[in-house]
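Down below is the structure, laid out as structure tokens.
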Amino acid sequence: MTLAAVTRAEVYKLFSRSSSRAGLLMVVLLAALPPILVLAARLGMGVWLGPDQMFNGLPVSEYFSLPGSSAQVIALRIRDFFVLKALILLLAAQIFAGELQARTLREDVLRPVSRCSVLLAKWFALVAWIAAVSFLSWGASAGLGLVFFGWGDAWQGPILGLFAAVVGDAGFAAVALAASVLTRSVAATVAGVFFLAVLDYGLDWVLWLMKMAPMIPHEYGKLAGQVAEAAYPWMPFSAFALWRGFETGSWGWQGAITLMGMTALALVVAIGAFRRMDVP
């Protein structure tokens, strides 16, 4: 059995889970909601003002508009919200630790394929789910914005941001899967990665405060600011937020290197632990 065949089986199994289907539907609906709310606001204001639909000398459309190009940015922000990462974490815990606890993982290791291929297939399945939910939510938001309010402009940057977001979440999925292998528990996986995420956000705030330190009239304040500026692009929070590069025009090569390093390390650790594991 080849890696491709195992991956197809894992993708089918993952997309058959009620949790993955419900999560996909929830994220898509959240992405579709902003254009619908903006359209409702426009229609409501038009009804309130009368048939001419003018306000302060301008048509209502000048106040309530979310064209496709702007709606895709909204979709990016929604998919980057903590809900999506929480779903990725839950699925990563279920497809390994959950199957191990349910004693169904043994069916995977009995296949004529290496454990490395089994684990990579599970990660590829997670990446496939991430890509599906990302592009479907983007299509829902940008598509409704296009239909309701027109084309708009500046499509290229957010589209590149969407691909970068999928890559970033693929790295997060590798970390979550490694935690699932190491802890062998769904609850411990969720709690452990959540704790690491809290530390990551805390480090983000610490470095942000350090970057403000040069405003303090002291030599140590200047030094703290320089350290923070140098370290900030290399941190995990910068790696997982690569997609924001389309807003600043700088894609942060340091964050890309950190992301590739974390992804590779997580997969190597997970595969090594899985190879030494007794699967009941």
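Pairing residues of region 1-21 that are in contact (Cβ under 8 Å) with a residue 24 or more places away in the chain and over 23 Å from K85 (Cα atoms) with residues that are β-branched (V, I, T) and in a helix (DSSP H, G or I), at Cβ distances under 9 Å and at least 6 apart in sequence or on separate chains, gives V6/V118.
Scanning region 131-155 for residues that are within 16 Å of S65 (Cβ to Cβ) and aliphatic (A, V, I, L, M) returns A142, L144, L146, V147, A154. Show the residue pairs that are 6+ apart or on different chains and have beta-carbon atoms under 6 Å apart, the first residue being within region 206-219 and modelled with pLDDT under 60, the second being of a type outside the set (D, E, K, R) and surrounded by 11 or more Cβ atoms within 10 Å (Cβ to Cβ). Note: pairs meeting the criteria are P214/G221; P214/G225. Taking residues in region 156-175 that are in contact (Cβ under 8 Å) with a residue 60 or more places away in the chain and closer than 17 Å to Q254 by Cα, and partners anywhere that are acidic (D, E) and assigned to a helix (DSSP H, G or I), the pairs with Cβ atoms closer than 9 Å and at least 6 places apart or on different chains are G161/E247. Count of region 83-141 residues, restricted to those that are in a loop (DSSP other than H, G, I, E, B), in contact (Cβ under 8 Å) with a residue 12 or more places away in the chain and closer than 13 Å to F274 by Cα, is 0. Selection of region 244-259 for residues being surrounded by 13 or more Cβ atoms within 10 Å (Cβ to Cβ) and touching a residue at least 40 places away in the same chain (Cβ under 8 Å) yields R244, G245, F246, W251, L259. Could we say that I159 is touching an Asp or Glu at 6+ places or on another chain (Cβ under 8 Å) and in a helix (DSSP H, G or I) here? Taking the combined requirement at face value, the residue does not satisfy it. A count restricted to region 246-262 and to residues that are in a helix (DSSP H, G or I), more than 15 Å from K85 (Cβ to Cβ), out of contact with any Leu (no Cβ under 8 Å at 6 or more places or on another chain) and not aromatic (F, W, Y) stands at 7. Is at least one residue of region 230-253 at pLDDT below 90 and among the basic types (K, R)? Yes, that holds for at least one residue. Of the set (1) within 30 Å of L43 (Cβ to Cβ); (2) at pLDDT 90 or above; (3) under 24 Å from the mean Cα position of the chain (by Cα), all apply to L177 but (1). Count of region 269-278 residues, restricted to those that are exposed (fewer than 13 other Cβ atoms within 10 Å of the Cβ) and either in a helix (DSSP H, G or I) or under 25 Å from the mean Cα position of the chain (by Cα) (or both), is 1.
The values are calculated or read from the model by the stated rules, or taken from the named source; none is laboratory data. Treat the numbers as computed from the prediction; the structure is a model and nothing was measured. For neighbour counting, all protein chains shown are included, and Cβ atoms are generated from backbone atoms with ideal geometry for every residue, glycine included.
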